[in-house]
1. Report the residue count in the range 83-105 for those that are in a helix (DSSP H, G or I) and more than 19 Å from Leu186 (Cα to Cα).
2. When the residues of the range 56-74 are narrowed to those that are of a type in the set (Gly, Ala, Ser) and in contact (Cβ under 8 Å) with a residue 60 or more places away in the chain, which ends up surrounded by the fewest Cβ atoms within 10 Å (Cβ to Cβ)?
3. Mind telling me which of the residues Gly156, Gly183, Gly121, Gly132 ends up being crowded, with 23+ Cβ neighbours inside 10 Å and in a helix (DSSP H, G or I)?
4. What are the residues in the range 106-118 that are assigned to a helix (DSSP H, G or I) and open to solvent by 50 Å² or more (accessible area, probe 1.4 Å), if any?
5. May I ask you to list the residues in the range 159-180 that are loosely packed, with under 15 Cβ neighbours inside 10 Å and at negative phi?
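The values are calculated or read from the model by the stated rules, or taken from the named source; none is laboratory data. Not measured: the values here are computed from a predicted model. Neighbour counts run over all protein chains shown; Cβ positions are idealised from the backbone, glycine included. These area figures cover heavy atoms from the full protein model, side chains too; ligands, DNA and RNA do not enter into them. Shrake-Rupley method; radii C 1.70, N 1.55, O 1.52, S 1.80 Å.
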Amino acid sequence: MLKRLSLTAATLFAATAPAFAHINPAEHGSLLTGFVHPLMGWDHVLVMVAVGIWAAMIGGRALWAVPLAFVTVMSAGFALAVAGIALPFVEPVVLASVVALGLLIAMAVKLPVSLAATIVGAFALFHGAAHGAELGASGAAVFGLGFAMATALLHGGGLLLGNALVRTANPILLRAIGALSAGAGLYLMAG
């Protein structure tokens, strides 16, 4: 009986240890670590791909302006966090961005490019702040460059997918992707 209790206690204790889902901040600072960082969180991946898809749906100048706004403002949010300027509600806004961008795609919302860029830029500020808060000041420039590159590639993937679906006139699949992304955001919020 004592062995079972000890084994159960040890198992429960081990299960309560932190997961360490992100890389140790003391090890941050390389270009590769920065590049991999946004790929390690579903919230970031979903939003960055959604930005590209939504830009493809809007078309025209949005193809470059919307993703560029995200990368630029995300970098500013990162710089604020590295400088020690904390934004309130970072994680809730990051998760809300997954739902919001998914819904914008699901409802096929086409806004003027400047407004679309402003919306993604507002969310990007918080994504950048989240990245910067996890880093500290160690190797910030190369880490930031790495995650900006990964973000741009994820946007590019979203643009390719969005353009392919727009060209094949498949709005139902585009809307379904948006709805799935919004649903994933709600799931992440609940978890």
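1. Residues of the range 83-105 that are in a helix (DSSP H, G or I), as a first pass: 90-105.
Keeping just the survivors that are more than 19 Å from Leu186 (Cα to Cα) gives none.
Residues in the range 83-105 being in a helix (DSSP H, G or I) and more than 19 Å from Leu186 (Cα to Cα): 0 in total.
2. Here is the first cut: in the range 56-74, the ones of a type in the set (Gly, Ala, Ser) are 56, 59-60, 62, 65, 69.
If we keep only those that are in contact (Cβ under 8 Å) with a residue 60 or more places away in the chain too, we end up with 56, 59.
Details: Ala56: 24, Gly59: 13.
Ranking the candidates gives Gly59 first.
3. On the way: Gly156 fails: crowded, with 23+ Cβ neighbours inside 10 Å; Gly183 fails: crowded, with 23+ Cβ neighbours inside 10 Å; Gly121 fails: crowded, with 23+ Cβ neighbours inside 10 Å.
Every option except Gly132 fails the conditions.
4. From the range 106-118, those assigned to a helix (DSSP H, G or I) are 106, 113-118; that's our starting set.
Those that are assigned to a helix (DSSP H, G or I) and open to solvent by 50 Å² or more (accessible area, probe 1.4 Å): Ser114, Leu115, Thr118.
5. Here is the first cut: in the range 159-180, the ones loosely packed, with under 15 Cβ neighbours inside 10 Å are 160, 164, 167-173, 176, 180.
Across the range 159-180, the qualifying residues are Leu160, Ala164, Arg167, Thr168, Asn170, Pro171, Ile172, Leu173, Ala176, Leu180.
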